[in-house]
Every structure is written in structure tokens, then in C-alpha cells.
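Accompanying notes for the structure given below.
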Amino acid sequence: MLLEVKNLRVHYGKVEAVKGVSLSLRQGQIITLIGANGAGKSSILKAISGLVRPSGGEVLYEGRRIDGQPPNRVVEMGIVNVPEGRRLFKLMTVRENLRLGAYLDRDSRRVADGIEEVFDRFPILREKQHQPSGKLSGGQQQMVAIGRALMARPKVLLMDEPSLGLSPKMIDEIAALIVELRKAGLSIVLVEQNANLALHLADHGYVLETGSIALEGPSDRLLSDPEVARAYLGA
Ligand code: ATP
């Protein structure tokens, strides 16, 4: 197992946002967490990233405990978050935003190569590299956010609502990209409110309800589950 979350708990003050969640990600796999607003999906990603400290449970990466490690250590180990809402520095150029994704890397040659690799993957970003990232379309900003994460040369990508606010055409592009990233060897934890999209991309799904896993299984099984269809697929 590449990444394992065991009985994870997250509190914000007295509010328990994650109430004992366990999940696992194998090398080359895509898993998805679906569920309504406030179900605790982002909190799980933040706990894995070291952005919030779990109040209970364990996070294991390549068999070693990483809960309690600071976020920069987690990035160095190969787990990188693509946050909800992109979180770009809007006044900085596309290129500068990408550069920040490799802030831990002192090898400027490798950083420059990384930027070229991102441009090869997203040619539109090469064209717009000197523009402030805030001037780009939502889809292009999502490409910058993903490109910035790739700059850290991750093994695991944690993606928080990559389809949020994008046009249907752009959602298709991001979906195709996620498939490509997996082919390139990445393992992905995908958080989505677009359950239909997420389950079509993922191997395995977890349905979260108010901080707990209500249901889990292979994506095709969840897609054909009448309860899931009614509650999450708009059927
Ligand atoms: P969303 O799609 O809205 O991000 P989510 O499933 O990712 O939803 P979380 O963001 O993890 O859910 O939130 C879970 C619960 O924790 C919610 O009740 C939320 O209000 C609460 N919460 C999240 N962040 C904080 C915080 N920093 N302080 C206090 N409560 C928080």
C-alpha cells in the first residue's frame, strides 16, 4: 500500500469534522472521496498533507507514519496537494507560480526543465507564461495549479475539487489529464462533488457523510448502486 489512512479524526475546536475514516491508495490507483459540502473531504486531504494535525488515527506513506510531519516534509516525501479554488498567486505570472511549486528544489536546471515539462503538457501555459495568473480562464488556472503541483515531482497527487467552476469542455480536458497523469505513474486521491465524473475516473470510491464513510467500493459498483445514484448522481 502506498498511502494508508487509519481511523483518522480531525477536530476544529469542539467540532469533529472527520470521525474515524480509513482509506488506502495503491501505486498507480485513483481513489475518490465523494459527498456533500462539509462532509469532511477537504479535511482528510489537509490531514494527509500536514496542513491540519489529526486528533486521532494514523497516516502511513510507504509504510511509515507521516501524521504530525510539517507540510514541507510531506511535499518532499512526494505527496502534493492541488487545493480547492486553485490558490494561485493571482498577481504573479504563470511562470512564477510554477516556479513556486519547486520552492524546495535548489537545482535551477531541474526547475527550468520542470517548467518546460509543464509547458509541454499544457502548451497554452507556455503562451501565457508571462501573464498574471489571475488573468487566465478558470480552466487555465486549474492547469497552473496542477502544473505547480507537478513541479514538486510528486508520487501522490491530492486533488481537491478540480472540476469546480469549470465549463463542461474544460471538465473533459481535466478528466483526460487525470487519466494521463495516472498513466504516467502517479497515484491520485480525488475529492469531487461531481460524483459522476469522479467515479468514472477512479478505481475505488468512498462516500462520506458528516465525517464518516457511509459506503465504499469499486467505482463501477458504486455507479450502479441505487442509493448512490439517488443521493449523488442526480438520478
Ligand atoms: P467542502 O466541499 O465544502 O470543502 P468538505 O467535504 O471538504 O466540504 P470540510 O471542508 O472538510 O468538508 O469540512 C468539514 C467540516 O468541518 C464542516 O462542518 C466545516 O464547516 C468544518 N470546518 C472545515 N474547516 C474548518 C475550520 N478551519 N474551522 C472550523 N471548522 C471547519
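Note down all Cβ pairs under 7 Å where the first residue falls in region 197-212 and is on the phi > 0 side of the Ramachandran plot, the second is of a type outside the set (A, V, I, L, M) and within 12 Å of the ligand (Cβ to nearest atom), and they're at least six residues apart or on different chains.
Filtered contacts from region 197-212: 211/16; 211/19; 211/40.
So which of 148, 153 is within 20 Å of residue 42 (Cα to Cα) and of a type in the set (Lys, Arg)?
It is 148.
Only the coordinates and a few stated rules stand behind these numbers; no lab work does. These figures come from a predicted structure and were not determined experimentally. In this analysis, Cβ positions are derived from the backbone assuming ideal geometry, glycine residues included, and neighbour counts consider all displayed protein chains.
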